[in-house]
1. For region 3-303, take every pair of Cα atoms, bin their distances at 20 Å starting from 0, and report each bin as a whole percent.
2. May I ask you to sort 147, 215 by Cβ crowding, counting other Cβ atoms within 10 Å and putting the fewest first?
3. What is the extension gain from residue 272 to residue 196, computed as 0.36 nm multiplied by their sequence separation minus the C-alpha to C-alpha distance, in nm to one decimal?
4. How far, in nm, would the chain grow between residue 79 and residue 115 when pulled straight, counting 0.36 nm per residue and subtracting the alpha carbon separation?
5. Give me the extension gain from residue 132 to residue 59: residue separation times 0.36 nm, minus the current Cα-Cα distance, reported in nm with one decimal.
6. What order do you get for 20, 51 when you list them from fewest to most C-beta neighbours inside 10 Å?
7. Restricting the calculation to Cα positions, tell me the Rg (one decimal) and the Dmax (whole number) of region 1-130 in Å.
C-alpha cells in the first residue's frame, strides 16, 4: 500500500471520527453548555497532541513567531466553530456540514485579496456555483429568514480566513504549534466566556432558542454526559492527528476531495439518529457545493498554485 492510499484511508477514518464528534455534540447541545464542550476538548486535545509529539520524538513548542496572527486565528476558530455547533441544535447535521464546506470558496477569495494569488475564470465560476448551492440549502426569504443557517457559513468564513493566516505564519510556526494555539485558546476562551455568563443575568435562564446552550451551567456529576464529553474530546483529537498524518504522507490533491466523505457520514448518521432527511433543494445544493469544491481542487492541480495549505482542524 503506497503513501497516497494510506493518506486517503486516514482521511476517511478521520472524517468518520469527526462525524461521530458532530453527532455527539448535536445530541448534547440541549443538555450541556457548548462552552464546556469546547473548553474540555481544548485541554484534552492539548494533552493528546503532547503525547503524540513525545511518541514521535518531537519537541513540544507552544509559542509563536507571529503572536498577533496566532491570537487572531484563535479568535476566528473559537467564534467560528462555536457558531457551527450552535447551529447543530436547530438545523440538520448534513445541511450544517455542507454549508461549512463553502470554505474552499472563501479561501479562493481570501487568496486573491490577501495572498495576491491569481484567480482565473474557472475558479470564479466554481465560487458562483458553490454560492448557488448554499442558497438552495438556506432558501433565504425576507419573510422567513432562517438565520441559524448562516452560522455554518460564518464558520466557513472564519475558518478560511484563519487558514490563510496559517499559510502566512507557516514559514516559522509548525502545524503542531498552530494546533496548540487553537487547542489552548479553545480552553481559555471557553472558560472565560462561561465565567462571564455565570456572573451575568443570563446564567441559568432560558430564552427558548439557540443561545440557551451558551449560558447553561457546567456539568460534572452526570456520568453519561462526562463520558460523552471525553468521547468527543478524544475522537476529535484522533481525527485531527489522522488528518495531519494524512497530509504529511499523502498527496493533498487526493486528500482534500476525500474530505467530502464527511457529507455522506453526516447524511447517514443524521438520518439514523435524528431521522433528518434534507429536502430535494438541499440535496441539490449539497451536490453543487461538492462539485464546485472539486472544480477548485482540479484547477489547483492544473495550475499548481494551491490557494492555501489546508488541514481541516475542526477544534
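Rule-based calculations on the coordinates, nothing more; no lab input. The structure displayed is predicted, hence computed values, not measured ones. When we count neighbours, we look across all protein chains shown, and the Cβ atoms used for this are built from the backbone with ideal geometry, even at glycine.
1. Calculated over all Cα pairs of region 3-303, the distribution is 32, 62, 7 percent.
2. Arranged by neighbour count, lowest to highest, 147, 215 become 147, 215.
3. Between residue 272 and residue 196, full extension yields 23.6 nm more.
4. Residue separation times 0.36 nm, minus the Cα-Cα distance, leaves 10.6 nm.
5. Working it through step by step, the gained length comes to 21.8 nm.
6. 51, 20
7. 18.0, 47
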